[in-house]
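Everything below concerns the one structure shown next.
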Amino acid sequence: MSLDTEVDKIVSEFAVTQETLQKGVERFIELATAGLNSDEDKYGLPMIPTFVTSIPTGKEKGILFAADLGGTNFRVCSVALNGDHTFKLIQQKSHIPAELMTSTSDELFSYLASKVKNFLETHHEGAVTSTGSQKFKMGFTFSFPVSQTALNAGTLLRWTKGFNIPDTVGQEVVSLFQMHLDAQEIPVTVSALSNDTVGTLLARSYTGSNKEGTTVLGCIFGTGTNGAYNEKLENIKKLPAEVREKLKAQGVTHMVINTEWGSFDNQLKVLPNTKYDAQVDELTGNKGFHMFEKRVSGMFLGEILRHILVDLHSKGVLFTQYASYESLPHRLRTPWDLDSEVLSLIEIDESTNLQATELSLKQALRLPTTTEERLAIQKLTRAVAKRSAYLAAIPIAAILHMTESFKGHNVEVDVGADGSVVEFYPGFRTMMRDAIAQTQIGAKGERRLHINIAKDGSSVGAALCALSEKD
Ligand code: BGC
């Protein structure tokens, strides 16, 4: 077969039909309801109660600290909430060394604690050496699936996004972090545990929810993907009765749920499953889990494309100057070496003969290409990215369906989104909106939706969580 025919075949495998979108929404609602009822299904949607029971109004005030372990970076910040929807953030970001992602709990958490110490020494001189018993409150954003038992406690269910430290699984992560902070004599108490999506929901509610309707969802499309929303307490049936009664007696009506939608449809009943998806899953530390994430988020898009290119080479229609797999450029044979940033450059390339793509592929993979090959690669890139954006519409549409706040005549709602893919991938939000319009929400519903980028939401939100903690 010719290159064109092979490419068209793959592109059609990556197309997401309206039927898949609508079935996806139905399945999401089914799995979300089951997940709110019980944790029985190990492969189901986690739907984790976060113990965050109030949404900020924008009037909150105070100076708080936040530590944020997201994926590739660790951030330590101090957040000054001014009480008027604005805040001032001072932050220090460090790249997590790759070897720490597969090391031990002690190595990782002692590294995180040392970064907190460094931040306090640099930006809050005197804090570390201050004597006396006064400790600073810190919110901890830990963006992995954690089963939360209280606002400031939760055990790690499993690692995602390339982390694989077996001895952390099943451990309570706040105590672990606190132990290392104490060991390094850092005057900080971790008073709230949060997820980046919860942070994004809270931060967006603090800064701008009244601009375009209530914020109903906080979501991330970056290295990983996930979403959090506010659910009625009475619908969270898996919370023990005594916990629900106690909260009700305190006047609580809602609780934020961290859906962990990366694990939507792990059984692959509606999600597309090409042979490339199966190959990528094989390479991960959480095989069989987070199957939605593995089709949607930034960490996986480049890897899917890499598998397609290697496959087309093996069929003898691409990179024919290389006689064998072993002779292909090393980077093209190295898992995770093709960054989604390269895909974004290919996506928007309109230069003659795709010269920008030629340069990107040479720089990123040391891979020389012909114009014909580049045209094929661009088609494939666009197909992989479009499938990601289309699938991303499913949980958003499903959650809108489930939320009270979206019901009612002409009600407009706000969705806070963060992450490199939604922020920087060319056309991602537009494609996602096109797909939302094709779901049960319809074009009219889609127009009532405002998707806004919530910068730094994950850290600011952790600080807001720490503030909501009662002494
Ligand atoms: C994690 C989530 C997180 C998401 C976005 C996923 O891999 O399981 O907890 O919210 O990535 O960072």
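The values are calculated or read from the model by the stated rules, or taken from the named source; none is laboratory data. Computed from a predicted model, the values in this text were never measured in an experiment. In this analysis, Cβ positions are derived from the backbone assuming ideal geometry, glycine residues included, and neighbour counts consider all displayed protein chains.
Residue pairs, Cβ under 7 Å, 6 or more apart or interchain, first in the stretch 10-37 and farther than 24 Å from L305 by Cα, second at pLDDT below 95 and exposed (fewer than 15 other Cβ atoms within 10 Å of the Cβ). List them.
These pairs meet every condition: A34/D41.
Going through the stretch 413-471 one residue at a time, which ones are in a helix (DSSP H, G or I), in contact with a helix residue (DSSP H, G or I) (Cβ under 6 Å, 6 or more places away or on another chain) and among the β-branched types (V, I, T)?
Of everything in the stretch 413-471, those that are in a helix (DSSP H, G or I), in contact with a helix residue (DSSP H, G or I) (Cβ under 6 Å, 6 or more places away or on another chain) and among the β-branched types (V, I, T) turn out to be V421, V422, I436, V460.
Tell me, yes or no, whether the stretch 321-340 has at least one residue that is within 30 Å of N195 (Cα to Cα), assigned to a helix (DSSP H, G or I) and in contact (Cβ under 8 Å) with a residue 40 or more places away in the chain.
yes
Every residue in the stretch 405-420 that is more than 12 Å from T215 (Cα to Cα), over 18 Å from the mean Cα position of the chain (by Cα) and either charged (D, E, K, R) or within 16 Å of the ligand (Cβ to nearest atom) (or both), please.
Correct list: K407 only.
Identify all residues within the stretch 73-86 that are surrounded by fewer than 18 Cβ atoms within 10 Å (Cβ to Cβ) and either within 16 Å of the ligand (Cβ to nearest atom) or aliphatic (A, V, I, L, M) (or both); write none if there are none.
Within the stretch 73-86, N73, A80 qualify.
Considering every residue within the stretch 206-217, establish whether at least one is in contact with a helix residue (DSSP H, G or I) (Cβ under 8 Å, 6 or more places away or on another chain), within 16 Å of the ligand (Cβ to nearest atom) and under 26 Å from D418 (Cβ atoms).
yes
Of the numbered conditions (1) surrounded by fewer than 24 Cβ atoms within 10 Å (Cβ to Cβ); (2) over 25 Å from L81 (Cβ atoms), H450 satisfies every one except a single condition; which is it?
Only one criterion in (1) surrounded by fewer than 24 Cβ atoms within 10 Å (Cβ to Cβ); (2) over 25 Å from L81 (Cβ atoms) is unmet by H450, namely (2).
Taking the stretch 142-196, which residues are without any contact (Cβ under 8 Å) to a residue 40 or more places away in the chain, among the polar types (S, T, N, Q) and within 14 Å of the ligand (Cβ to nearest atom)?
Answer for the stretch 142-196, where residues must be without any contact (Cβ under 8 Å) to a residue 40 or more places away in the chain, among the polar types (S, T, N, Q) and within 14 Å of the ligand (Cβ to nearest atom): just T155.
Testing L247 on (1) over 21 Å from V146 (Cβ atoms); (2) more than 26 Å from the chain's Cα centre (by Cα); (3) touching a residue at least 24 places away in the same chain (Cβ under 8 Å); (4) surrounded by 13 or more Cβ atoms within 10 Å (Cβ to Cβ), one condition comes back false. Which one is that?
L247 satisfies every listed condition except (1).
Select, from A376, A364, A356, the only residue that is over 19 Å from R448 (Cα atoms) and crowded, with 21+ Cβ neighbours inside 10 Å. Explain how you work it out, then say what you get.
Working: A364 fails: crowded, with 21+ Cβ neighbours inside 10 Å; A356 fails: crowded, with 21+ Cβ neighbours inside 10 Å.
Exactly one of A376, A364, A356 is over 19 Å from R448 (Cα atoms) and crowded, with 21+ Cβ neighbours inside 10 Å, namely A376.
May I ask you to list pairs of residues, at least six apart or on different chains, whose Cβ atoms are under 7 Å apart, with the first in the stretch 253-281 being within 16 Å of the ligand (Cβ to nearest atom) and of a type in the set (F, W, Y) and the second being in a helix (DSSP H, G or I) and modelled with pLDDT of 95 or more?
Correct list of pairs: W261/P395; F264/F28; F264/L31; F264/P395.
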